[in-house]
Amino acid sequence: MSVIPLALPDRRALIREASVASRRRRTVAGLVAASLSVVALLVALVPIVWIIVYTISQGIAAWSVDFFTKLPHPAGIPGGGIANALVGSLIIDGLAALMALPVGILAALFLAEFSGRLAGTVRFVMDVAAGLPAITIGLFAYAVIVVPQHHFSAFSASVALGVLMLPIVIRAGEGALRTVPNDLWEAGLALGVRRARVARSIVIPTAIPGLVTASLLAISRAVGEAAPLLFTAIGSQVFSTSVGGAMASLPLVVYQNGIQAYPDLQQNAWGTALTLLVLVVVLNVSARLLARRMRRHAR
Amino acid sequence: MSQLPMIALRPNEMATLAAETQPEPQPAMQVRGLGVRFGSKLVLSDVDMSFPTGRITALIGPSGCGKTTFLRSLNRMHDTTPGAVVIGTVLLGDTDIYSSDIEATQVRARIGMVFQRANPFPTLSIYDNVVSGLRFNGIRKRAILDEAAEGALRAAALWDSVEHKLRTSAMRLSGGEQQRLCIARALAIEPDVLLMDEPTSALDPIATMRIEALLRKLCERVSIIIVTHNMQQAARVSDYCGFLMVDDARVGHLIETGPTVSIFSKPRDSRTEDYVTGRIG
C-alpha cells in the first residue's frame, strides 16, 4: 500500500522533465514555422510590389497632357495619345454596366429573398460563372454577335463584359441585400404593403451603399479585361463613338502596343497600363470605403 | 410629463372599473380552434379566445409558450415564413382573415403591428416613416398625408417633440421615441386592431412608462392586443388577459382567459396561479 506514495515524487519529476523538454521542442518548432510563414509572405509580396513599382516607373514617363488628349500616332512617329481608347473604354464599360447592373441587382434580390431549389441552382451556376475564363466569354460574344453581323463592334464587347460582370454583381449584391435587417421587411409587410413595394421602397434603398460597392467591384474587374475585347471591339486607331463599329479601349492598347518593336509604342503601352492600374485602385478603394460606411450606418 | 407616475397607476383602476362595471364589449377579433405548425412541429394548439373592442388584451406566459406565434397568426405574418401552417378560424369582426378571397395585405392594413425592437425605416425621414403605410399603398394627396402624419404623431405622443424636425432621419430619435414613431406609423393607416409584440422589452423604465401611459389613451381608437413577458406590465395596462403555457410535448396552449383583475386575484387554474404569483416562469 505504501508503494504508491513513494513512487509519486519520481513520477512528478518525470512529468516535469518531459514538460520542459516538450516546451523546448515546441519553442524551436514554433520559431521555424513563424520564420517560414514570414518568408512565404515576402515571396508572395515580391511579384505584386514589383509589378506595381515597375508599372509606375515605366508608365509615368508616358504620362503627359498630350498622352490623355491626343490620338495615337502611326508606328515610328513618336508621341501620340490614348484619347480614343479612354473614351472607348468609357463607352464599352459604361454600356456593359448599363446592361449587367440592373439585371444583376434584380437577380441578387431574387437570391436574397427566395430560398429554394431554383435559388440554390442559380447561386451555384453564378459561382461557377465567376470563374469562367474571360476569353471564353469573348469567343461566345464573337460567335453570337460578331459572326452573324459580319463586323466587329463595341456593342459585342459590352455584351461580353456584361456577362463577365453578372456573377460578381449578383453574389456581392446578394450579400448587400442580406444585410438589410429582416425587421424592416416585417415592418413594411405589417403595414399592408405589398412585397414588391417593400423591396423597391425600403429594402433596396437601405442596401444602396452595398449595391454600389458590388457594382464598382464588377466594373473594376471588367475595366482591365483584354481577352473579351480581342474578338469583339478589336481596337481602333481613330476616334469613334459608334457602338456598332470597332472601337479602341485601354486593355487593347496595352496588348497591341506592348508587343510592338517601337520603343515609343511600348512606352505608350506602359502609360496605358499605369492608367488602368490607377483606375482599378480608385474603383476598389471607393468600393471599400462605401462598404465600410455602410457597415457603420447599419446600427 | 410631471403627471407620469399618476398615469402609471391609473390604468389598473380603470381596468378594474371596465371589467367589473361594464359588460364585455363586442369582440374586435375572435379565434376558434387556432393552431400553428412550423413544418411538422406543432407550436400552438386549440386556442379559443376573443379580443374585446376598444380594450387592451394582454397575452402572458413563460418564454417559449407561443405568445408571439399566437400574435403573428392574428395578422397573417406567418404567411412570410416558409413551412408555417395556421389552422382554425381567425375572425376580424365577422370576416375570416384566412379566407381564400382575402389578401394578407388587406388584413394587415386593418390589423397593425408594433415589434419588439423599434424598426423605423432608416433611409426615411420621420415624416416619411409615419406616412409610409399610406404612401406605399398608393395615397399621394399631400393634404391627406399631412393630416394623417400629424394625427398619428399626436396619438403617439410624439408630435410636440418632432414637429420641427419632421424632415430629419428617424434614426436620430432615441430608442423610446423610435418605438413611438413605429406606433404612429402603425396608427397612420387607421387600423381596427393594433398588435404589439413586447413593445417595451428593449426600452428603459421611463420610456416604458411613457408607452404604457400611451396605450391607455390609444385603446379609445384601436383595440390593442399586447404580448408581454412582464406580468406587472400586463397587470398595469391590460383589461383582459390570456395566459399561455406549453405542455410536456412543448406545444403551447391557452390555459385561461378573463378580466385581468380576475386572472391576477382569483385565477381558476392552478398553473395560472403559479405563474402570476411567480412560482413558475
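The values are calculated or read from the model by the stated rules, or taken from the named source; none is laboratory data. Not measured: the values here are computed from a predicted model. Methodologically, a virtual Cβ is constructed for each residue, glycine included, from the backbone with ideal geometry; neighbour enumeration extends over all protein chains shown. Side chains are part of the model used for accessible areas, which takes the heavy atoms of the whole protein and leaves out ligands, DNA and RNA. Shrake-Rupley method; radii C 1.70, N 1.55, O 1.52, S 1.80 Å.
Once the Cα gyration tensor of the stretch A:119-216 is found, what semi-axes does its equivalent ellipsoid get, as square roots of 5 times the eigenvalues, in whole Å, sorted largest first?
Details: eigenvalues 253, 41, 27 Å².
Equivalent ellipsoid of the stretch A:119-216: 36, 14, 12 Å, largest first.
Using a 10 Å cut-off on Cβ to Cβ distances, tally the other chain neighbours for every residue of B:187-199 and report the average as a whole number. Each step should come with its number before you reach the end.
Values: counts 0, 1, 4, 0, 3, 0, 0, 0, 1, 0, 2, 0, 0.
Mean partner shielding for this stretch: 1.
Restricting to Cα pairs below 8 Å that are 6+ residues apart, what does the relative contact order work out to for chain A? Please round to a whole percent.
Values: 384 pairs, mean separation 71.8, N = 299.
Worked out over chain A, it gives 24 percent.
Using all alpha carbons of the protein assembly as shown, what is the percent of pairwise distances in each 10 Å bin, ordered from the shortest bin to the longest?
3, 13, 18, 16, 12, 12, 12, 9, 4, 1, 0
Along the charge dipole of the protein assembly as shown, Cβ charges K/R +1 and D/E -1, which of B:53, A:54, A:229 sits furthest on the positive end?
Working it through, the farthest residue towards the positive pole turns out to be A:54.
Calculate the dipole size of chain A relative to its Cα centre from +1 charges on Lys and Arg beta carbons and -1 charges on Asp and Glu beta carbons; express the result in debye to the nearest 20.
On the way: 23 positive and 11 negative charges, 322 e Å.
With only Lys, Arg, Asp and Glu charged at Cβ, the dipole is about 1540 debye.
In debye to the nearest 20, how big a dipole does the protein assembly as shown give about its Cα centre with +1 on each Lys and Arg Cβ and -1 on each Asp and Glu Cβ? Display every interim value, and only then the final one.
On the way: 54 positive and 42 negative charges, 297 e Å.
Dipole of the protein assembly as shown, to the nearest 20 debye: 1420 debye.
Under a GNM of chain A (C-alpha, springs under 10 Å), which listed residue has the highest mean-square fluctuation: A:194, A:221, A:25?
Between A:194, A:221, A:25, it is A:25 that shows the largest mean-square fluctuation.
When a/c reaches 1.5 or more, the comparison of a/b and b/c decides; with that in mind, is the stretch A:1-106 rounded, prolate or oblate per its Cα gyration tensor?
On the way: a/c = 10.14, a/b = 2.99, b/c = 3.39.
Since a/c reaches 1.5 but b/c is at least a/b, the shape of the stretch A:1-106 is classed as oblate.
Please list the radius of gyration and Dmax for the stretch A:163-299, considering alpha-carbon atoms only, with Å as the unit.
20.5, 69
Could you give each residue of the stretch A:168-178 its phi-based ³J(HN,Hα) in whole Hz, using Karplus coefficients 6.51, -1.76, 1.60 with θ = phi - 60°, and x for Gly or Pro?
Whole-Hz 3J(HN,Hα) from phi for the stretch A:168-178: 5, 4, 5, 6, 5, x, 4, x, 5, 5, 6.
May I have the pair-distance distribution P(r) for chain B, computed from all Cα-Cα distances with 5 Å bins from 0 and rounded to whole percent?
In whole percents, the pair-distance histogram is 1, 6, 12, 17, 18, 17, 13, 9, 5, 2, 0, 0.
Tell me the angle of helix A:83-113 to the major Cα principal axis of chain A, expressed in degrees between 0 and 90 and rounded to the nearest ten.
Value to nearest ten degrees: 50.
Given +1 on the Cβ of Lys and Arg, -1 on the Cβ of Asp and Glu, and no further charges, what dipole in debye does the stretch A:141-242 carry about its Cα centre, rounded to the nearest 20?
Numbers: 7 positive and 4 negative charges, 52 e Å.
Roughly 240 debye for the stretch A:141-242.
If I model a spin label as a point 7 Å beyond the Cα along the Cα-Cβ vector, how far apart are those points for residue A:29 and residue A:51 in nm?
3.6
Take every Cα pair under 8 Å in the stretch B:84-157 that's 6+ residues apart, average their separations, divide by the length, and report that relative contact order as a whole percent.
Numbers: 21 pairs, mean separation 11.8, N = 74.
Relative contact order for the stretch B:84-157 comes out at 16 percent.
For chain B, modelled as a Gaussian network with Cα springs under 10 Å, which listed residue fluctuates most, B:172, B:221, B:108?
Of B:172, B:221, B:108, the most mobile in the Gaussian network model is B:172.
If you take each beta carbon of peptide A:273-285 and count the beta carbons of other chains within 10 angstrom, what is the mean? Please report the intermediate quantities before stating the final value.
Working: counts 0, 0, 0, 0, 0, 0, 0, 0, 0, 0, 0, 0, 0.
Rounded to a whole number, the mean comes out at 0.
Among A:255, A:198, A:239, whose Cα sits farthest toward the positive end of the charge dipole of the stretch A:148-299 (+1 at Cβ of Lys/Arg, -1 at Cβ of Asp/Glu, about the Cα centre)?
Working it through, the farthest residue towards the positive pole turns out to be A:198.
Using a 10 angstrom cutoff on alpha carbons, build the Gaussian network for chain A and name the most mobile of A:200, A:16, A:178.
A:16
With a Förster radius of 45 Å, plug the Cβ-Cβ distance of residue A:98 and residue A:44 into 1/(1 + (r/R0)^6) and report the FRET value to the nearest 0.05.
After rounding, the FRET efficiency stands at 0.75.
Per residue of B:98-104, what is the mean number of Cβ atoms on other protein chains within 10 angstrom of that residue's Cβ?
What the average comes to for B:98-104 is 1.
Just to be sure I understand: if I project the alpha-carbon convex hull of the stretch B:218-271 onto a plane and average over all orientations, what area do I get in nm²? Walk me through the numbers before you get to the answer.
On the way: hull surface 17.2 nm².
Reported value for the Cα convex hull: 4.3 nm².
Can you figure out the FRET efficiency of residue A:66 with residue A:149, using R₀ = 35 Å and their beta-carbon distance, to the nearest 0.05? Write down the numbers at each step before the final one.
On the way: r = 35 Å, r/R0 = 1.00.
For R0 = 35 Å, the calculated efficiency reads 0.50.
Straight-line reach only, C-alpha to C-alpha below 19 angstrom: list the lysines that residue B:67 could link to, leaving out same-chain residues fewer than 8 apart.
Those lysines meeting the cut-off are B:41.
In Å², what does the accessible area per residue of the protein assembly as shown work out to with a 1.4 Å probe?
Details: 28990 Å² over 580 residues.
Result: 50 Å² per residue.
How big a patch of accessible area, both sides summed and in Å² to the nearest 100, lies buried between B and A at a 1.4 Å probe? Walk me through the numbers on the way to the answer.
Details: alone 13410 and 17530 Å², together 28990 Å².
Roughly 1900 Å² of accessible surface disappears when B and A pair.
Let a ≥ b ≥ c be the square roots of the eigenvalues of the Cα gyration tensor of the stretch B:150-212; is it rounded (a/c under 1.5), or, if not, prolate (a/b larger than b/c) or oblate? Each step should come with its number before you reach the end.
Values: a/c = 1.79, a/b = 1.09, b/c = 1.65.
Verdict is oblate for the stretch B:150-212.
Below 26 Å, Cα to Cα, which lysines can residue B:165 reach? Residues fewer than 8 away in the same chain don't count.
Those lysines meeting the cut-off are B:141, B:217.
Over the stretch A:30-88, what is the relative contact order in whole percent, taking alpha-carbon pairs under 8 Å and six or more residues apart?
Here the relative contact order equals 20 percent.
How much length is gained if the chain between residue A:132 and residue A:114 is pulled fully straight, taking 0.36 nm per residue apart and subtracting their Cα-Cα distance, in nm to one decimal?
Gain on extension, residue A:132 to residue A:114, equals 3.9 nm.
Sort chain A into rounded, prolate or oblate with this rule: let a ≥ b ≥ c be the square roots of the eigenvalues of the Cα gyration tensor; rounded if a/c is under 1.5, and if a/c is not under 1.5, prolate when a/b is larger than b/c, oblate otherwise.
Numbers: a/c = 2.79, a/b = 1.45, b/c = 1.93.
Oblate.
Can you list the residues of the stretch B:112-161 whose accessible area drops by at least 30 Å² going from the chain on its own to the full set of protein chains, with a 1.4 Å probe?
B:115, B:117, B:119, B:121, B:122, B:123, B:136, B:137
Over the stretch B:59-181, with a single point scatterer placed on each C-alpha, what log10 of the ratio I(q)/I(0) does the Debye formula yield at q = 0.09, 0.10, 0.11, 0.23 1/Å?
-0.33, -0.41, -0.49, -1.29
Where the accessible area of chain B is counted over protein heavy atoms with a 1.4 Å probe, how much of it, in %, is carbon and sulfur?
Numbers: 6270 of 12470 Å².
That share works out to 50 percent.
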